[in-house]
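Q: Could you have a look at this structure, given as structure tokens, before my questions?
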Amino acid sequence: MFDKDPLTALQALEAAQRLAFAPLAFQATAVMRDRGVLSALADAVPRGLAISEVVEKTKLSPYAVRVLLEAGLGLHIVWRRDDRFHLGKLGR
């Protein structure tokens, strides 16, 4: 089972990128949890929230909310439809 390298070069590159970005992903997720972004989105099911609504509920700056939600999109923690953000299965 462990007698050869099972990854292709592309798979190895993808795995290396996941490892390199893991600390950033962890920190962004922790801030979203600690500052109330995830709970605000959880409370907004099924309609989701616009950025301005997240700002109102969390008291974070619009810039901070946008950066966190965009990170959440890339991490599959949140998803967006019609400029409204929704908590994804991973974010739960």
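The values are calculated or read from the model by the stated rules, or taken from the named source; none is laboratory data. Small disclaimer: the values here were computed from a predicted structure and weren't measured. Reconstructed Cβ throughout: ideal geometry from the backbone, glycine too, with neighbour counts over all protein chains shown. For the accessible areas, the whole protein counts, side chains as well, though only heavy atoms, and no ligand, DNA or RNA atoms are used. Shrake-Rupley method; radii C 1.70, N 1.55, O 1.52, S 1.80 Å.
Q: Can you list residues whose amide H is under 5 Å from R35's amide H, if they're 5+ apart or on another chain and H is modeled 1.01 Å from N?
A: When sequence neighbours closer than 5 places are left aside, there are no close amide H contacts.
Q: Of the heavy-atom accessible surface of the chain (probe 1.4 angstrom), what whole percent is carbon and sulfur?
A: 59
Q: Using DSSP to define loop residues, name the chymotrypsin sites (Phe, Trp or Tyr not before Pro) in the chain whose beta-carbon has at most 16 other beta-carbon atoms within 10 Å.
A: Those that pass, being in a loop and sparsely packed, are F2.
Q: So, one more: What is the sum of charges, Lys and Arg at +1 and Asp and Glu at -1, for the other residues whose Cβ falls under 12 Å from the Cβ of A28?
A: 0
Q: Can you give the Rg to Rh ratio of the chain, both from alpha-carbon atoms, with Rh computed by the Kirkwood formula?
A: Taking Rg over the Kirkwood Rh, I get 1.13.
Q: At a Förster distance of 30 Å, what's the computed FRET efficiency of A9 paired with R80, Cβ-Cβ distance as r, to 0.05?
A: The calculated FRET efficiency here is 0.35.
Q: Could you pull the accessible area for M32 with a 1.4 Å probe, rounded to 10 Å²?
A: 0
Q: Same structure again: Enter the angle in degrees (range 0 to 90, nearest 10) between the Cα long axis of helix 9-34 and the first principal axis of the Cα atoms of the chain, meaning the one along which they spread out most.
A: Value to nearest ten degrees: 30.
Q: Just to confirm the filter: which trypsin sites (Lys or Arg not before Pro) across segment 1-86 are DSSP coil and have at most 11 other Cβ within 10 angstrom of their Cβ?
A: Filter output for segment 1-86: K4, R47, K59.
Q: How much accessible area per residue does the chain have, in Å², with a 1.4 Å probe?
A: Value returned for the chain: 73 Å² of accessible area per residue.
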